[in-house]
1. For the range 242-307, restrict the atom set to alpha-carbon positions and state the Rg and Dmax in Å.
2. Each label point is 7 Å from the Cα along the Cα-to-Cβ direction; what then is the distance between the points at L327 and A306, in nm?
3. Got a sec to turn the phi values of the range 287-297 into Karplus ³J(HN,Hα) couplings, 6.51 cos²θ - 1.76 cosθ + 1.60 with θ = phi - 60°, whole Hz, x for Gly and Pro?
4. Please sort by residue number the trypsin sites (Lys or Arg not before Pro) in the range 80-154 whose DSSP state is loop and whose Cβ has at most 12 other Cβ atoms within 10 Å.
5. Can you list residues from other chains, or at least 5 along the same chain, whose modelled amide H is less than 5 Å from the amide H of I153?
6. How do the peptides 219-225, 294-300 rank, highest first, by the average count of neighbouring beta carbon atoms within 10 Å per residue?
7. Step by step: find N for the range 196-308, compute 2.2 N^0.38 Å, then divide the Cα radius of gyration by it. What's the final number?
8. Could you give the alpha-carbon Rg of the range 41-338 over 2.2 N^0.38 Å, rounded to two decimals?
Amino acid sequence: MASQARPRVSAILLVMAVLVAVGLAITSFVGFAQRTNAPPQSVEKLPGGLASMPLNNALVFRNTQATDDYGKVAWIPLDHLQGPRINTGLACDRVYRTGGMLSCLNANRGMNTTYEADIYSVGGQRLASSPLPGEPSRTRVSASGMVGVTAFITGESYENVGFSTQTTIKSPGGKDFGNIQDFTLKIGNKILTAEDRNLWGVTFAKDGNTFFATAASGKQTWLMRGSLTGKTLTALSENAECPSISPNGKLIAYKKRRTDSLPAHWDIAVQDLAKGTEKIYPLELGFDDQLEWLDADTLLFGQPRADNPGDADIYSLALEADLTPKLFLEHAWSPSVQR
């Protein structure tokens, strides 16, 4: 009798184990499906922390501290950089804010990674959302409410050969100027129509019409002055990338690549727009970011940490002193000054 009972018990236990395993698999799949199809958490779409951000005397940035707020937008008073940073709850890969309007570029990573650009009001309400073709790269907001966004179509870096970008300019709920690659591009006396042309890194003047950007074709880049109403871009100088116009509109700073540098090494250059003169500020380590003006004489830029991927620091460079960059804020990226 005992010998007959053992196989029966073993069979029952085996069936029960199979049923439990199937149940766990179904539960796991259902849970995965629910997480995959569930709408994003409200804190990501309507982050209440945005409403508390000041309009002046503050630095807005992407937090890269190894905490639960990693990758979230934060801000800190400019006169108290050693104090605690205030996190907003909004996740962005790139962020920029002007006059209370905030542009957030984000990668929603998963089995099928998607990319999007969201625009938020001073009160933290989402004004617009649109998909991006690839990895977020650059964004700027004008004083008149125009938003410039650059994303990679192919590639993930300006150092890579054969990368392709898309740069759009539009106002949430207003005028959409589309892809500025479709504007008329003037290089000297010629119109640039090459299929490999790319444009990226927009910065806006305060007149509501003029903007600056990078154009590239082949191995050459140009600093371009653009007109939104005329839908034109005209070359001002060669070997210039990711421009940033000064608060008074008289100077423009940008990346300048060292000739034949491999891997690419960019220094900082500043051009007087009225005189057309350029001054170069050599950087021992180089950099790859769109510069931000702290004030009329100081630039900010992000520098990834080579020993800690995913982390970065913001550095400052005083132009009048002609000094080497100084650490401005640790564990931070994508700065925008509220003034």
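1. 12.3, 42
2. It is 1.6 nm.
3. Residue by residue, the range 287-297 yields 6, 8, 7, 8, 5, 10, 8, 6, 7, 5, 10 Hz.
4. R109
5. Correct list: S164, T165, Q166.
6. 219-225, 294-300
7. 1.06
8. Values: Rg = 18.0 Å, N = 298, 2.2 N^0.38 = 19.2 Å.
Normalised by 2.2 N^0.38 Å, the Cα Rg of the range 41-338 equals 0.94.
Each value in this text was obtained by applying a stated rule to the coordinates, not by laboratory testing. From a predicted model like this one, the values you see are computed outputs, not experimental measurements. Don't worry about glycine lacking a Cβ; one is built from the backbone with ideal geometry, like all the others, and counts go over all protein chains shown.
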